[in-house]
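First comes the structure, then the notes that go with it.
The values are calculated or read from the model by the stated rules, or taken from the named source; none is laboratory data. Since this is a predicted model, take the numbers as computed values, not measurements. Every residue, glycine among them, receives a Cβ derived from its backbone with ideal geometry; neighbour counts consider all protein chains shown. All accessible areas refer to the heavy atoms of the entire protein, side chains included, with ligands and DNA or RNA removed. Shrake-Rupley method; radii C 1.70, N 1.55, O 1.52, S 1.80 Å.
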Amino acid sequence: MSSGLSSLLVRDGVVSVKRMERAYQHQVIDGGSLDTILLEQGLVSEEKLAEYLELASGLPAASWADCDVIDDEALR
């Protein structure tokens, strides 16, 4: 999925090709997931990344409201 994510971000001009290449280099050298690297390097906001992850995966992003449905018994 990272290639789909990167293609969409570059296609729409959110991240330049040069910066995406640097993010991939960072991933190869230090490991980690591309989405985390993009956030850590400040190349994309969390909201914009969630939007593009939805596009790349075809799945809706979870919202904070979705996180409120944790069963109290499961927390114990």
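Annotations for the structure displayed:
- Taking all C-alpha pairs of the chain, those more than 22 Å from each other amount to 32 percent.
- In Hz, Karplus ³J(HN,Hα) per residue of the stretch 65-76 (6.51, -1.76, 1.60; θ = phi - 60°; x = Gly, Pro): 4, 5, 7, 7, 9, 6, 5, 4, 5, 5, 5, 6
- You can think of it this way: the chain between Glu21 and Glu51 has 8.7 nm of extra reach, that is 0.36 nm per residue less the Cα-Cα gap.
- Lys, Arg +1 and Asp, Glu -1 on Cβ, resulting dipole of the chain about Cα centre, debye, nearest 20: 640
- For the pair Ser3 and Glu40, the difference between a 0.36 nm per residue extended length and the Cα-Cα distance amounts to 11.5 nm.
- Relative contact order of the chain, defined on C-alpha pairs under 8 angstrom at six or more residues apart (%): 30
- Averaged over its residues, the chain has an accessible area of 73 Å² per residue, based on protein heavy atoms and a 1.4 Å probe.
- Residue-by-residue Karplus 3J(HN,Hα) for the stretch 39-44, coefficients 6.51, -1.76, 1.60, Hz, glycine and proline x: 5, 4, 7, x, 7, 8
- Taking 7 Å steps out from each Cα toward its Cβ at Asp30 and Ala62 produces label points 2.5 nm apart.
- Protein accessible area in the chain, 1.4 Å probe - carbon and sulfur %: 52
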